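Data first, discussion second: the structure below is written as structure tokens.
The values are calculated or read from the model by the stated rules, or taken from the named source; none is laboratory data. This one's a predicted model, so the numbers in the text were calculated from it and none came from an experiment. Counting neighbours? That spans all protein chains shown, and the Cβs are built from the backbone with ideal geometry, glycine included. We work out accessible area using only protein heavy atoms, side chains counted, and drop any ligands, DNA or RNA first. Shrake-Rupley method; radii C 1.70, N 1.55, O 1.52, S 1.80 Å.
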Amino acid sequence: MSYVIRHDRAAYRFQTEVEGVPCVLDYLLAAGVMTITHTGVPAEVGGRGIAAALVQSAMDTARNEGWKVVPACSYAAAWMQRHPDYADLLA
């Protein structure tokens, strides 16, 4: 399934809404390094690949911006292990 993910640069957040439920990925940005601090998908809409879509959107943005990534969030770290094609982004 495809989700409309918005990047709110001012809030350091990627977000989408599924069935009226907000889902987010929060990050910090310093010196060209994106540190993913939290991926939140409430249980009522979980299990649909929403967190994966949020992380992939963040990774694609990091690649396009020339940023490195620190996956401080356990979900983002696991996602990166499952997607070695993004390993070049690791800070």
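Does region 53-82 hold any residues that are of a type in the set (A, V, I, L, M) and either farther than 17 Å from residue 22 by Cβ or at pLDDT below 95 (or both), and which are they?
Pass one, region 53-82, residues of a type in the set (A, V, I, L, M): 53-55, 58-59, 62, 69-70, 72, 76-78, 80.
Residues satisfying the conditions are 59, 62, 69, 70, 72, 76, 77, 78, 80.
Here are some residues: 15, 56. Which one is within 10 Å of the chain's Cα centre (by Cα), more than 18 Å from residue 87 (Cβ to Cβ) and of a type in the set (S, T, N, Q)? Step through it out loud before you land on a result.
Numbers: 56 fails: more than 18 Å from residue 87 (Cβ to Cβ).
Of the residues listed, the single one that is within 10 Å of the chain's Cα centre (by Cα), more than 18 Å from residue 87 (Cβ to Cβ) and of a type in the set (S, T, N, Q) is 15.
In region 25-53, what residues are open to solvent by 60 Å² or more (accessible area, probe 1.4 Å) and over 11 Å from the mean Cα position of the chain (by Cα)?
Going residue by residue through region 25-53, those that are open to solvent by 60 Å² or more (accessible area, probe 1.4 Å) are 28-31, 37-38, 43-44, 47-48.
Within region 25-53, 28, 29, 30, 31, 43, 44, 47, 48 meet the criteria.
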Report, by residue number, each residue of region 36-66 that is touching a Leu at 6+ places or on another chain (Cβ under 7 Å) and touching a residue at least 40 places away in the same chain (Cβ under 8 Å). 36, 54, 58
Give region 54-68 a look and list any residue that's of a type in the set (Gly, Ala, Ser) and buried (at least 19 other Cβ atoms within 10 Å of the Cβ), or say none. 58, 62
Criterion first (under 21 Å from residue 88 (Cα atoms), in a strand (DSSP E or B), out of contact with any Lys or Arg (no Cβ under 9 Å at 6 or more places or on another chain) and among the β-branched types (Val, Ile, Thr)) does residue 70 satisfy it? yes
How about region 69-90: which of its residues are more than 11 Å from residue 36 (Cα to Cα) and open to solvent by 80 Å² or more (accessible area, probe 1.4 Å)? 81, 82, 84, 85, 88, 90
